[in-house]
Every structure is written in structure tokens, then in C-alpha cells.
1. Pick from Lys46, Lys2: which is modelled with pLDDT under 70 and on the phi > 0 side of the Ramachandran plot?
2. Please work out if Gly126 is at pLDDT below 95, within 20 Å of Ile56 (Cβ to Cβ) and surrounded by 20 or more Cβ atoms within 10 Å (Cβ to Cβ).
3. Regarding Ala135, is this residue of a type in the set (A, V, I, L, M), more than 18 Å from Asn31 (Cβ to Cβ), assigned to a strand (DSSP E or B) and modelled with pLDDT of 95 or more?
4. Mind listing whichever residues of the range 93-112 are closer than 16 Å to Ser78 by Cβ and in contact (Cβ under 8 Å) with a residue 40 or more places away in the chain?
5. Could you grab me the full set of residues in the range 52-86 that are assigned to a strand (DSSP E or B) and more than 21 Å from Leu30 (Cα to Cα)?
6. So, of the residues in the range 167-197 that are β-branched (Val, Ile, Thr) and at pLDDT 80 or above, which turns out to be farthest from the chain's Cα centre (by Cα)?
7. Output the number of residues of the range 113-131 satisfying the condition of being out of contact with any helix residue (DSSP H, G or I) (no Cβ under 6 Å at 6 or more places or on another chain) and touching a residue at least 60 places away in the same chain (Cβ under 8 Å).
Amino acid sequence: MKKALIVCSLALLSFIPASAQFSWGIRGGLNVAFNNLGDLNETNIKSKDSYTGFFIGPMAEIQIPIIGLGVDAALLYSQKGLELTNGDNIKDQLLSVPVYLKYTFGLGNMLGIFGQVGPQFDYNIGKLNEEFEVAKSEGNGTNVQEFILNQYSWSINVGAGVKLINHIQAAINYNIPLTEEGTHNLYKDATEANYKDLVESGSEAFKASTLQFILTWTF
């Protein structure tokens, strides 16, 4: 799957003619992450449905005149994660590289409507392991939950937006995970000395889809 996404990204770039128009700019916005955790989460973690983070970084766009097709790519510092009801956060700090195939329908010189779709690669530059006490167990120890985040992940973006006065782009994007975000483990009746030696009482992988609100300024 990862090799296929890389090939698709390179293929998009290879079809750009020499007459294409180039622009670059700054992109920022909000991530609203919806974490897909199962029964283990519902009974032991009690996390909220979503976590709001942000992203920011440079972008570049190459557009073919007249037909409206183009390629848009960015390098973004991005945050998303889990927010627990006890106030703790598990924060993903990522370098994200989204690449879009973009079609723009012009409504005059001052307004355009576009749709976009393409792959995204995320590399986690933050802490990959988080541990939290859940509650005192029935024995002498404590129930401990552990989150292990993956170093990298792949996803697909689908979105739409508007271009205003040739410099401003506003869009809504939905990021669909293709690989797992990480793994959650639960250790029951654990003590500080022995819980690393325990077999997990429950374990599950989880993913996170993300709704993004994007604002771009191009030069």
C-alpha cells in the first residue's frame, strides 16, 4: 500500500506540462481528530470523541492553465491525538506531507471552486509512548494503560474549497487513515515494579480519522 501511494504521488507530478503555473504560500488550520477505539477504550479509557489540534507550514501548487488541473503539496507541522476525561492528553506531533490532485472551476478572476484528493504521509516527531493509571485494581496494584504510537502512518485526503482574490484558499478536508495510529495496552493489578513483566489484560490497535479546516495564503 505504501509503495502504491508513493508511485501515485510521483505519477501525478510527471504529467505536469512545462506551461503550468507555479505558486507557493503558507498553509495553516485545525485538526479535529475522531479516534476509532473499541470496547477496551469505552470501559477503561473513557476518552472523548475528538481532540482539536493545529497544523502549519509551507505549500506549493502547480496548475495547468485553462483545464484547471493541478498538483498541490505541503510540508506541515501537525498536532492531533487523544483527550481523556481525566484531563490527560496523548499528543501526536507530526511532520505531514499531503499531496493533492486538484481540479479548479473558475467563476471569474476573483473566485474559484476546487475539489482535491490524494495521499498523505505522516512522520511522528513527538513522544511515542505514554502511560496512565486508570484506577486502583481489586488486588494490591493499579490498572495501567499504555499508548504506543507508530513512528509513521499513511492516509488519504478528500476535500473541497474556494479560491478568493487569487491569493486566499479556504477548504474543508477529510483525512481517512489507511494504517494504524498506534496500539493501546491495558495492564491489570500492576505495580511499579512488575507491570512491564505482565501480559496485557487487553490490547487493541486504533486509527484516527481527521476533519481539517484549512486556510492558505499564496504568493
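The values are calculated or read from the model by the stated rules, or taken from the named source; none is laboratory data. Here the structure is a predicted model, which means the values were calculated and not measured. Note that we place each Cβ from the backbone using ideal geometry, even for glycine, and neighbour counts take in every protein chain shown.
1. Values: Lys2 fails: on the phi > 0 side of the Ramachandran plot.
So the residue among Lys46, Lys2 that is modelled with pLDDT under 70 and on the phi > 0 side of the Ramachandran plot is Lys46.
2. Working: at pLDDT below 95: yes; within 20 Å of Ile56 (Cβ to Cβ): yes; surrounded by 20 or more Cβ atoms within 10 Å (Cβ to Cβ): no.
Taking the combined requirement at face value, the residue does not satisfy it.
3. Working: of a type in the set (A, V, I, L, M): yes; more than 18 Å from Asn31 (Cβ to Cβ): yes; assigned to a strand (DSSP E or B): yes; modelled with pLDDT of 95 or more: no.
Taking the combined requirement at face value, the residue does not satisfy it.
4. Initially, the range 93-112 is screened for residues closer than 16 Å to Ser78 by Cβ, giving 93-100.
If the condition is that a residue be closer than 16 Å to Ser78 by Cβ and in contact (Cβ under 8 Å) with a residue 40 or more places away in the chain, then Ser96, Pro98, Val99, Tyr100 are the ones that fit.
5. Step one: of the range 52-86, the residues assigned to a strand (DSSP E or B) are 52-63, 69-74, 76-84.
Passing the criteria: Ile62, Gln63, Leu69, Gly70, Val71.
6. Pass one, the range 167-197, residues β-branched (Val, Ile, Thr): 168, 172, 176, 179, 183, 191.
Okay, now just the ones that are also at pLDDT 80 or above, so 168, 172, 176, 179, 183.
Values: Ile168: 23, Ile172: 14, Ile176: 8, Thr179: 11, Thr183: 16 Å.
Selected residue: Ile168.
7. Kept after step one, since they are out of contact with any helix residue (DSSP H, G or I) (no Cβ under 6 Å at 6 or more places or on another chain), are these residues of the range 113-131: 113-118, 120-131.
Retained after the next criterion (residues that are touching a residue at least 60 places away in the same chain (Cβ under 8 Å)): 118, 121.
Residues that pass the stated criteria total 2.
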